[in-house]
Amino acid sequence: MATSSINVPNASPVAGSRSFLSRLRNGDEIARLITFLFAASVVLITLMLVIELWTGSVLPRHKFGMSFFFTRVWDPIAEEFGALPFIYGTLVTAGVGLFLAVPLGIGAAIFLAELAPQKISDTLQFFIDLLAAVPSVIYGLLGVFIVIPMMREWIQPALKNTLGFLPLFQGPAYGVGFFTAGIVLAIMVIPYIISVSREVLLSVPRDQREAALALGSTRWESTWKVVVPFAKSGIMGSIFLALARALGETMAVTMVIGNTPTISSSLFSPGYSIAAVIANEFTEATGDMYLGALIELGLVLFLLTFILNGLARLLMLLTTQRGSGTGHA
Amino acid sequence: MNFRLRWRKFVSGFMLAMTGVCALVAVAVLFFILGYLVYHGGTAINWDFFTKLPTPVGEAGGGMANAIVGSAKLLLLASLLGVPIGFFGGIYLAEFSGTKVAFVVRYAADLLNGVPSIVIGIFAYALVVLPFKHFSTIAGAFGLGLMMIPITLRSTEEFLHGVPRALREGSMALGASKWSTIMRVVVPAAYRGIVTAILLALARVAGETAPLLFTAFSNRYWSPGWSQPTASLPVMIFTYAISPYEDWHRQAWAAGLVLLGLILMVNIVARVILARGVAVPRS
Amino acid sequence: MKRFAGVLVAILVLGGLVLAQNALLINGAGATFPYPIYSKWFDEYHKANGSQFNYQSVGSGAGIKQVTEGTVDFGASDGPMNDDQIKAYRAKNGAGILHFPTVLGAVVPTYNIPGVSEALNFTPEALSGIFLGRISKWNDPAIAGANKGVSLPANDIVVIHRSDGSGTTYIWTDYLSKVNPDWKDKVGKGTSVNWPVGLGGKGNEGVTGLIKQTPNAIGYVELIYAAQNKVPYGSVKNSTGTFVKADLASVTEAAAGSVKNMPEDFRVSITNAPGKNAYPVSSFTWLLIPEKFKDGGKRDAMKGFLKWAITDGQGLVENLSYAKLPKEVVEKELKAIVKVQ
């Protein structure tokens, strides 16, 4: 992390005492300044984005205040705006997605890190990285033509017949809805969970495994009871990363969720997510309050992903610190 | 004792097999997606798709020539914004800056990276579309370029860090200035990694739809110059997929195949380059 | 590095030049209701004249918003702008906005009921009950009563409405508000309403798509979308008690009554119109054209297109199941075009 601190001796005496303008004639100083400007522009742009979100949402923030988060009504005509259905939809779909993706992802990561020989592990990881590169709209395309009919004709009726006593699986089988969106999200975030968890598991020091095995545990026991707990914070970090990704997903969700601001205990119900409502209604939001409400939703989404990403980074930092030599005996 | 051991061994074998199944499922999904796209899109791709403009609604035929060119223009312009800022900013972080400034810049870049793409669209609309009263390629490219910045910035910084100190010191010992060292020795050594990072960033934004919805909008015709709305592959896929017309569905599959094919190709090429040559100092 | 930059600049310049066309490009956005005929018109006009009209069907709501913001040159809507929106336009742009009707169309109730291919009869009570969520099964007496002879299944009705701001929604809710005071109270009319039940589809296209794919669905779309996609649609009982199916004659009859009292700004509602065979959910659709154009070339192109569309262009509309504008309306419009400067 240390930058090169060796200074090329200049032709002139004490370099630090020269004035700014005369230092400017030195090519390196110009380079430093220019590259600094580029780096600073990143900070500037990010600041502008946050400010734009804050000022754009001033009207609804003043009118509704905190009740914005607890109101169910979204009525553009009466100018009553409540974010609850969208927050609900965003959280539920992300929840379903993670519920499906986390076991699969961690299982696959364990396989890749612990069991598979190096070559197979690398090859499979290569393919999984490719899966992460598939754009959202393609998942949406597949969602519309493959997942929705599958849900409507097989999966939802099957769930209703077997688990229909649970409020989760009641209601008509439209094909679109929270559950479908959750499944599509699960497919989208699995690669993130796998690649990060795999790296974290690989970084667990060998002596942990060997110690467990030496004490007579089976392969599985050493993995599940020693290695995975050691890498726990990193794996949690990967889950938070996946969650942040799932919350911000727009296209794939809007194509399969049903686009109806509803709060329902059934997973088969159509719903709406924050990103989807912004995508659908932004260009037609007449009136400053309406537009402001959508921008406020954007601000909420931004804050959610910001917090989650921060937590994820923190957790992964914790894991790498643990792994690097300060291993617990 | 014996029974318990056998049970534990069985559980072990079973669970490990299950993890194998998980891995297989994950990879199978990829091939499944590709398979479907090839099957549905392959039959739909014809010469018209690449050369013709869309036909009036409800009439079969036509193609997405304007969307393909539109996407190319968007990506070109986006890299003009994203690459220099990321590249030179990364040089600053790796070669010039102190730790405090570096922390702030990296933090901002991570923040920008985590912003959902629809929010980037809102920002680009407010900043570029409204003041100039135009949906435009520039506005769309601005949004995409913003998304490229964090990736190129972090990657440039990382790969530059990976270049051994000895190279820098050797160059400076021979009397070269710092800037000269950076541009003639350090960057070329990290060249491979930086280029692949740019390619990966391009592949990432090539498929983004949300930021384009209210910036580049869409266009039935060719988009002249840079300040008019333009069609793009991802937006066309979205519009056609949710429509009721069979012919549009067919074209959406074709467009999906083309888009994904290009993205995967760039990814594969980039990763292969990366795997082969990890910052090897040139002799 | 230098060579790379050089190549880049060359590509940019080339790209900008090669793709800068001489023909004029005029951007518009709005209603999906008339999209099929607009799309055909712009194509034909482009072949004859060269000007390119890039029309994006994003819904009437977006059309109104974007033409007010000035990001598109003209808008289109089947729900006329209300007084507040017109005031807002004037406040933002310093001049007014004009409505010009272009065609007559119909909004039909379309459905996808497994086993039922006949055209059903819908009473106003049935339609408002379904969309209010009070009638939930297809074999409900309110529906079955008007359709003796058709065996309707006991399946749950899946209601489909628009998820975006829509003139088609405006026409539909305008009709329901006129025939059902409960609807008027609870939901009202507008381009975007608080729907009691149902799934949302984007654009007429999205709704038709959803209906096609969802068994037991019912929705409301412009006639041509149902016809082109071979989705069955029903007849609606009009104010005289006759069940009328939407077609050229019934839509034209619905408009006939409004011609005498056509207001100067052409904003008029013809839902639930009097007339024995008038189709009750008919409507004009309007192009929203600014009073003042900054660009003289665009203004002339716009006026030229408009003149063509309401005269020669009318020859193309019936093929796509839209009805021609009444002669008197066309004459009034031709006189009003001078207002565009």
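Taking Cα centroids, how far is segment A:285-306 from segment C:248-270 in Å?
40
So how do A:183-194, B:70-81, B:162-173, A:32-43 stack up, highest first, on mean other-Cβ count within 10 Å? Mind showing how you got there, number by number?
Details: A:183-194: 25.8, B:70-81: 22.2, B:162-173: 14.9, A:32-43: 19.2.
Result, highest mean Cβ count within 10 Å first: A:183-194, B:70-81, A:32-43, B:162-173.
With each run of n ≥ 4 DSSP H residues scored as -39500 (n - 2.57), what mean residue ellipticity at 222 nm is computed for chain B after dividing by its residue count and rounding to the nearest 500 deg cm²/dmol?
Working: 12 runs with 201 residues, N = 283.
The per-residue figure over chain B is -24000 deg cm²/dmol.
Could you work out, residue by residue across B:201-211, how many beta carbons of other chains sit within 10 Å of that residue's beta carbon, and then give the average as an integer? Intermediate results must be reported in sequence, preceding the final value.
Values: counts 0, 0, 2, 3, 1, 2, 8, 5, 10, 11, 1.
Partner Cβ neighbours, averaged per residue: 4.
How many nm is it between the label spots at A:Ile120 and A:Ile263, if each spot is 7 Å from the Cα in line with the beta carbon?
4.9
Tell me, what is the FRET efficiency for A:Trp54 and C:Asp185 to the nearest 0.05, using R0 = 25 angstrom and their Cβ-Cβ distance as r? Walk me through the numbers before you get to the answer.
On the way: r = 38 Å, r/R0 = 1.53.
The computed FRET efficiency comes out at 0.05.
Separation between the C:Lys276 and C:Lys212 pseudo-spin-labels, each 7 Å from Cα along Cα→Cβ, expressed in nm?
Label-label distance for C:Lys276 and C:Lys212, simple model: 3.9 nm.
What are the DSSP H helices in chain B that stretch 24 Å or more along their long axis, judged by alpha-carbon atoms, and whose average Kyte-Doolittle hydropathy comes to at least 0.5? Write down the numbers at each step before the final one.
On the way: long enough: B:2-44 (62 Å, 1.16); B:65-91 (38 Å, 1.66); B:137-161 (35 Å, 0.85); B:187-206 (27 Å, 1.54); B:246-276 (45 Å, 0.99).
Long hydrophobic helices here: B:2-44, B:65-91, B:137-161, B:187-206, B:246-276.
So what is the 222 nm mean residue ellipticity for chain A from helices alone, if each DSSP H run of at least 4 adds -39500 (n - 2.57) and you divide by all residues, rounding to the nearest 500 deg cm²/dmol?
Numbers: 14 runs with 204 residues, N = 329.
When only DSSP H runs of four or more count, the value is -20000 deg cm²/dmol.
Sort segment C:176-225 into rounded, prolate or oblate with this rule: let a ≥ b ≥ c be the square roots of the eigenvalues of the Cα gyration tensor; rounded if a/c is under 1.5, and if a/c is not under 1.5, prolate when a/b is larger than b/c, oblate otherwise. All intermediate terms of the calculation are to be shown ahead of the outcome.
Working: a/c = 2.16, a/b = 1.92, b/c = 1.13.
Because a/c hits 1.5 or more and a/b exceeds b/c, segment C:176-225 counts as prolate.
Given contacts defined as C-alpha pairs under 8 Å and at least six residues apart, what's the relative contact order of segment A:42-132, whole-number percent?
Working: 35 pairs, mean separation 10.9, N = 91.
Relative contact order comes out at 12 percent.
Where the centroid of each part is defined by its Cα atoms, how far is segment C:154-220 from segment A:201-241 in Å?
After rounding, the separation between the Cα centres reads 55 Å.
DSSP loop trypsin sites (Lys or Arg not before Pro) in segment C:242-272 with at most 14 other Cβ atoms within 10 Å of their Cβ, which ones?
Values: sites: C:Lys245, C:Lys260, C:Arg267; in loops: C:Lys245, C:Lys260, C:Arg267.
Taking segment C:242-272 and a limit of 14 other Cβ atoms within 10 Å, the loop trypsin sites (Lys or Arg not before Pro) found are C:Lys260.
If R₀ is 22 angstrom, what is the calculated FRET efficiency for the pair B:Ser177 and B:Lys100, using the beta carbon separation as r and rounding to 0.05? Don't skip to the end; give the middle numbers.
Values: r = 25 Å, r/R0 = 1.14.
In this case the efficiency is close to 0.30.
Could you pull out which residues in segment B:217-259 have an amide N less than 14 Å from a spot 7 Å beyond the Cα of B:Thr51, following the Cα-Cβ vector?
Zone members listed by number: none at all.
Work out the FRET efficiency for C:Ala154 and B:Arg276 from their Cβ-Cβ distance, taking R0 = 51 Å, and round it to the nearest 0.05. Provide the component values of the computation, followed by the final result.
Values: r = 66 Å, r/R0 = 1.29.
Calculated transfer efficiency: 0.20.
Within 10 Å of each Cβ in peptide B:95-106, how many partner chain Cβ atoms are there on average? Round it to a whole number, please.
The shielding value for this peptide is 4.
In the protein assembly as shown, if the dipole is taken from +1 on Lys/Arg beta carbons and -1 on Asp/Glu beta carbons about the Cα centre, which of A:Val253, B:Gly86, A:Val277 is farthest to the positive end?
Farthest towards the positive pole: B:Gly86.
Could you work out the mean count of beta carbons from other protein chains within 10 Å of each residue's beta carbon in B:260-273? Write out the running numbers ahead of the final one.
Working: counts 7, 0, 0, 5, 4, 0, 1, 6, 4, 0, 1, 4, 1, 0.
Mean shielding by partner chains, rounded to a whole number: 2.
How high is the relative contact order of chain A, in percent, counting Cα pairs under 8 Å that sit 6 or more residues apart?
Values: 420 pairs, mean separation 81.7, N = 329.
Dividing the mean separation by the residue count of chain A yields 25 percent.
State, as an integer percentage, the relative contact order of segment C:121-272 based on alpha-carbon contacts under 8 Å between residues 6 or more apart.
Details: 216 pairs, mean separation 36.5, N = 152.
In percent, rounded to a whole number, it is 24.
When the label point is put 7 Å from the Cα of A:Ser67 along its Cα-to-beta-carbon vector, which residues of segment C:179-193 have a backbone N closer than 15 Å?
Output list for this probe position: empty.
Apply the a/c threshold of 1.5 to the C-alpha gyration tensor of segment C:204-307 and tell me whether it is rounded, prolate or oblate. Intermediate results must be reported in sequence, preceding the final value.
Working: a/c = 3.06, a/b = 1.38, b/c = 2.21.
Oblate, since a/c reaches 1.5 and b/c is not below a/b.
Quick one: length gained pulling A:Leu91 to A:Leu33 fully straight, 0.36 nm per residue minus the C-alpha distance?
Numbers: separation 58, 0.36 × 58 = 20.88 nm, distance 4.45 nm.
Fully extending the segment from A:Leu91 to A:Leu33 adds 16.4 nm.
Laboratory data are not the source of any read-out in this text; all were calculated from the coordinates shown. It should be emphasised that the depicted structure is a prediction, and the values quoted were computed from it without experimental measurement. No Cβ is skipped: glycine too gets one built from the backbone with ideal geometry, and neighbour counts run over all protein chains shown.
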